[in-house]
Amino acid sequence: MKSALIGAGICGILGPAIALALFNIEMGAFSIRQCITLVYLVLKEWIFAAAAIGPEAFVLGAAAGCLLQSVADRCRSMKATLVAAAMIGVALGSAVPTTALLIAYKSSGPREGYSLKGEMRSSLPVAATTGVICAFLVLWVLHRMHLLYRLKKRTS
C-alpha cells in the first residue's frame, strides 16, 4: 500500500513537472538566466499539466510503485531491478499521454487539422523519458524507506 501511494505521489505530482522541463530544455549549454526561465516556466505551467495528465500519472504511478516493489522482491541484484525499473518506466510513462490523449479525443471528437497519431508520436519520447525518471525516483524512495527486498529472507 505504501509503495502505491509513493508511486502515485511522485508520478502524479512530479511527473508533469519533469515532462514540462524536458519539453522546454534545448540541447546546449545553460546559462543562469536560461535555468531561471526554465524553472519559471515549469512552475507557471505545472498546474495546467497536472490537470491534463495528473490523474493518469497518479493511477499509473500507483501501479508502478506496486510493480517496482514486486520486481525488486523477486530480483537477485539491484542492476536487474534498475533494468526492470527502466522498462516499467518506459511502458507506463508512454501510457500516460496515450490515455490522456485518447480520453480527450473521445470526449471532444475529431477536430479540423488535428492529428491524434501526430500528437501521440511527438509526446511519446518525452513521456517515456519522464516515465524512466519517475520510475527511478520511486525506486530510490522505496529503497530509502526500506520497502524493497522484503521477501529475501533465506531459509537454509
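The values are calculated or read from the model by the stated rules, or taken from the named source; none is laboratory data. Since we're looking at a predicted model, the values are computed, not measured. Here the Cβ is made from the backbone with ideal geometry for all residues, glycine too, and neighbour counts use every protein chain on show.
Structural remarks
- Any chance T37 is more than 14 Å from the chain's Cα centre (by Cα), among the hydroxyl-bearing types (S, T, Y) and crowded, with 18+ Cβ neighbours inside 10 Å: no
- Condition check for A64: out of contact with any Pro (no Cβ under 6 Å at 6 or more places or on another chain), small (G, A, S) and under 16 Å from I133 (Cβ atoms): yes
- Check on V138, buried (at least 18 other Cβ atoms within 10 Å of the Cβ), modelled with pLDDT of 80 or more, in contact with a Gly (Cβ under 8 Å, 6 or more places away or on another chain) and of a type outside the set (D, E, K, R): yes
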